[in-house]
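Rule-based calculations on the coordinates, nothing more; no lab input. Because the structure is a prediction, the values reported are computed rather than measured. Here the Cβ is made from the backbone with ideal geometry for all residues, glycine too, and neighbour counts use every protein chain on show.
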Amino acid sequence: DSGVTQTPKHLITATGQRVTLRCSPRSGDLSVYWYQQSLDQGLQFLIQYYNGEERAKGNILERFSAQQFPDLHSELNLSSLELGDSALYFCASSAGRADVYEQYFGPGTRLTVT
Amino acid sequence: AQSVAQPEDQVNVAEGNPLTVKCTYSVSGNPYLFWYVQYPNRGLQFLLKYITGDNLVKGSYGFEAEFNKSQTSFHLKKPSALVSDSALYFCAVSSLTGANNLFFGTGTRLTVIP
């Protein structure tokens with residue numbers, strides 16, 4: 001158990017809908033990262049927050065947004081969902097900077113868009 | 001720009017034999033290198049990292065990796081493979097002079113044959 005929790009585990013929704021994925025980092029970790037894992041695109045970094053502030057942005061679509069709250073949990077919002085958004089979404093946390101600190105991954109949320 | 005290449009999608013090895021999973025990288029500046037493992041239906045787990053110092057890094061579960069600056073490689077190794085090592089392995093790279101996030105390779109599926 002990495003100490004990172006993600007809810008829900010599974011989500012099935014229709015095209016055009018909006019969903020929110022939630023992540024609680026390991027106790028004491030200030031950085032939260034979101035990743036998308038799909039068969040065709042592999043593991044893609046979406047966005048990072050550090051202590052409530054956006055720190056780095058990767059291949060995140062404009063339809064997607066995230067935030068980190070004062071209690072350090074984070075939410076990833078996916079809107080106007082398309083079939084291609086079906087994937088595993090992982091949250092990870094680390095103590096600090098991405099370049100030197102290992103990341104601890106949650107179990108993921110499997111999103112299926114029908 | 002930062003990038004990671006894992007040239008083998010699949011590696012098969014007999015139980016008890018040594019295993020190697022290959023990784024090459026490209027970064028501007030000094031690289032920080034990581035290996036992660038993903039078991040079925042689980043998030044990624046940190047195995048080991050190279051930040052600075054000794055080129056041979058020892059990690060979890062008996063794995064080790066050798067940083068080779070001239071060949072820009074960071075191959076993962078284990079002297080004697082176990083069936084339980086069968087999983088998906090990801091190499092990742094970052095650097096102080098690059099973006100503040102990890103770039104992951106496409107992953108190598110290791111199968112250890114009993």
(Q) Using a 7 Å offset from Cα along Cα-Cβ at B:THR20, what residues in the stretch B:58-86 end up with backbone N under 17 Å from the label point? (A) B:63-81
Q) Tell me, what HN-Hα J-couplings in whole Hz come from the Karplus equation 6.51 cos²θ - 1.76 cosθ + 1.60 at θ = phi - 60° for each residue of the stretch B:8-25, using x for Gly and Pro? A) 10, 6, 9, 10, 10, 8, 7, 4, x, 7, x, 10, 9, 10, 8, 8, 10, 9
Q. Around B:GLY107, with a cut-off of 14 angstrom between Cβ atoms, what is the net charge of the other residues, counting Lys and Arg +1 and Asp and Glu -1?
A. 0
Q: Net charge near B:LYS78: determine it from the other residues with C-beta under 14 Å of the C-beta of B:LYS78, scoring Lys and Arg +1 and Asp and Glu -1.
A: -1
Q: Over the whole of B:33-43, what's the average partner chain Cβ count within 10 Å per residue? Rounded to a whole number, please.
A: 4
Q: Within 10 Å, count the other beta carbons around each residue, average over each peptide in A:102-112, B:18-28, and list them highest first.
A: A:102-112, B:18-28
Q. For B:LEU19, which sequence-distant residues (separation of 5 or more, or a different chain) have an amide H within less than 5 Å of its own amide H, given hydrogens modelled in the peptide plane?
A. B:LYS78, B:SER80, B:ALA81
**Q.** Neighbourhood net charge (11 Å Cβ-Cβ; Lys/Arg +1, Asp/Glu -1) for B:ASN55
**A.** -2
Q) If the viscosity is 1.567 mPa s and the temperature 4 °C, what translational diffusion coefficient in µm²/s does Stokes-Einstein give for chain A when Rh comes from Kirkwood over Cα pairs? A) 93 µm²/s
Q: Can you tell me which of B:107-114, A:37-44 comes out highest on packing, and rank the rest after it, using the mean Cβ neighbours within 10 Å?
A: B:107-114, A:37-44
Q: Please give the peptides A:7-15, B:36-44, A:54-62, A:76-84 ranked by average Cβ packing (other Cβ atoms within 10 Å per residue), highest first, as a rough proxy for protection.
A: B:36-44, A:76-84, A:54-62, A:7-15
Q | Mean shadow area of the stretch B:8-62 over all directions, Cα convex hull, nm² | A | 5.3 nm²
Q | chain B: radius of gyration and largest Cα-Cα distance (Dmax), Å | A | 13.5, 44
Q | ³J(HN,Hα), Karplus 6.51/-1.76/1.60, whole Hz, each residue of the stretch A:18-34, x for Gly, Pro | A | 10, 9, 10, 9, 10, 9, 10, x, 4, 4, x, 6, 9, 9, 10, 10, 10
Q | Point-charge dipole on Cβ atoms (K/R +1, D/E -1) for the protein assembly as shown, about Cα centre, debye to 20 | A | 80 debye
**Q.** Entries in A:LYS9/B:LYS77; A:LYS9/B:LYS49; B:LYS22/B:LYS78 that, when Cα-Cα distance is taken, lie over 23 Å
**A.** A:LYS9/B:LYS77; A:LYS9/B:LYS49
Q: Normalise the Cα radius of gyration of the protein assembly as shown by 2.2 N^0.38 Å (N = residues in it) and let me know the number.
A: 1.01
Q. Amide H neighbours of B:GLU8 under 5 Å, counting only residues 5+ apart in sequence or on other chains, H built in-plane at 1.01 Å?
A. B:LYS22
Q. To the nearest 20 debye, what charge dipole does the stretch A:19-106 have about its Cα centre, counting +1 at the Cβ of each Lys and Arg and -1 at the Cβ of each Asp and Glu?
A. 120 debye
